[in-house]
Amino acid sequence: MDAEALKNEALSAISGAATLDRLEEARVRYLGRKSELAQALRGVRDRETGMLLNGVRHALEAAVEERHAAIEGAERKRTLTEDVVDVTLPGDELPLGHLHPITHTRRQIEDAFIGLGYEVRDDREVETAEYNFDKLAFDPWHPARSHRATFFFDDDRLLRTETSPSQIHALEEHEPPIYMVSIGRCYRRDAIDATHYPIFHQFEGLAVDRGITLSDLKGTLLHVMRALFGPDRRVRFRTHYFPFTEPSMEPDVSCGICGGAGCRTCRYSGWIEMGGSGVVDPRVFENVGVDPEVWSGFAFGCGIERVAQLKYDFPDIRPLWEGDLRVLTQF
């Protein structure tokens, strides 16, 4: 092998490489493991030949490194002079978010009650059994006290099953009259279906004053339901049982998915249950030191997801929690 001729040929190829890809091809050809120079170095048997060939290898490696730096410098210079960004041009419009249907519904509910003069409260989500059950007159046998229905941390602490404990906090903090609505997250061990989810938002109202009756409760709920759904949606009240109210009733709103004809969402009844309500049981007043002979009141609780489902005609409550942008960007 003519070492000098190989060196001149390789230096010419290296200096003539205009891109990094071409330079890499030249490096592999003349310095790679299968190159003629590498094969010759493996067969060296004397010191003089080894020194000569190693000198050629070092010269070629230095030439490759120098040419690599030159090509990168030229590309950098070209980028700075040709790929100029016009900072005066308008940039790409950033995507803007908007209110989640639950948040939008919550604000409408707040506006409806603020217009009635109610105080809006946002209390703690981790409660004690005393405030979540005992002071609300839940009997010891009530199924909500079961670990199968409620998320307990220990025997006393739990994730609130409703915003009703806010009623006790309000009654302990202020002397009547009281007009308040508590809004926030609640937690129950519910099976997930079209109208139930283990996490949900609820608004819970309490009015305590002299001479309050069930008719005041019906008038308040009718006003709020019409403010949320408009005058065309039908509202009905059914008698029911709740530990902390007597008498008690449940408000239902006609299903907007089927127009009241019956579908999977409303379980083919034409109506969707909104929550519970009733006149405050005297035992609740006695538990917080309020005289039930002087004061009377009503309480109610409704799910915000249910309101959003009815307001926007969601056939299923689950998309409100799944965060699918294909659903949420429609509102």
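Descriptive notes on the structure:
- Stokes-Einstein D for segment 171-237, Kirkwood Rh over Cα pairs, 37 °C, 0.692 mPa s (µm²/s): 224 µm²/s
- Computed from label points 7 Å out along Cα-Cβ, the spacing between ASP21 and HIS142 is 7.5 nm.
- From its DSSP helices (H runs of at least four residues, each -39,500 (n - 2.57)), the chain gives a residue-normalised ellipticity at 222 nm of -12500 deg cm²/dmol.
- Solvent exposure of the chain amounts to 55 Å² per residue of accessible area, where only protein heavy atoms count and the probe is 1.4 Å.
- With all protein chains in place and a 1.4 Å probe, the accessible surface of the chain carries 51 percent carbon and sulfur.
- Approximate shape of segment 174-331 as ellipsoid semi-axes (Cα gyration tensor, √5λ), whole Å, largest first: 31, 17, 14
- Taken along the Cα-to-beta-carbon direction at a fixed 7 Å, the label points for ARG185 and GLU72 span 5.0 nm.
- Using the alpha-carbon positions of the chain, Rg (one decimal) and Dmax (whole number) come out as 38.3, 118 Å.
- Put simply, the amide H of THR195, placed in the peptide plane, has neighbours under 5 Å in ILE317, leaving out anything fewer than 5 places away on its chain.
- Label separation (GLU93 vs VAL126): 4.5 nm, computed from points 7 Å beyond Cα along the C-beta direction.
- Residue-wise HN-Hα couplings along segment 99-115, as the Karplus relation 6.51 cos²θ - 1.76 cosθ + 1.60 with θ = phi - 60° gives them from phi, are 5, 5, x, 5, 5, 4, 5, 4, 5, 5, 5, 4, 4, 5, 7, 4, x Hz; Gly and Pro carry x.
- From largest to smallest, the equivalent ellipsoid semi-axes obtained for segment 54-201 from the alpha-carbon gyration tensor read 67, 26, 14 Å.
- For segment 125-266, dividing the convex hull volume of the Cα atoms by the residue count gives 131 Å³ per residue.
- Karplus-based coupling profile of segment 256-261, in residue order and whole Hz: x, 5, 10, x, x, 7, with θ = phi - 60° in 6.51 cos²θ - 1.76 cosθ + 1.60 and x standing for Gly or Pro.
- Cross-link reach is defined here as a Cα-Cα straight distance under 18 Å, omitting same-chain residues fewer than 8 places apart; for LYS311 the aspartates and glutamates meeting it are GLU110, ASP111, ASP232, ASP252, GLU273.
- Close amide H partners of GLU119, meaning residues 5 or more places away or on another chain with modelled amide H under 5 Å apart, are TYR179, MET180, VAL181.
- Computed from the alpha carbon positions, the gyration tensor of segment 290-331 leads to an equivalent ellipsoid with semi-axes of 38, 9, 7 Å, biggest first.
- ARG267-PHE237 FRET efficiency (beta carbon distance; Förster radius 22 Å; 0.05 resolution): 0.75
- Evaluated on segment 115-189, the Kirkwood hydrodynamic radius is 13.1 Å, with distances taken between all distinct Cα atoms.
- ³J(HN,Hα) computed for each position of segment 57-68 - Karplus, 6.51 cos²θ - 1.76 cosθ + 1.60, integer Hz, glycine/proline x: 4, 4, 5, 5, 4, 5, 5, 5, 4, 5, 5, 4
The values are calculated or read from the model by the stated rules, or taken from the named source; none is laboratory data. Everything quoted here is computed from the prediction, not taken from an experiment. Every residue, glycine among them, receives a Cβ derived from its backbone with ideal geometry; neighbour counts consider all protein chains shown. Areas reflect the complete protein model, heavy atoms only, side chains present, ligands, DNA and RNA absent. Shrake-Rupley method; radii C 1.70, N 1.55, O 1.52, S 1.80 Å.
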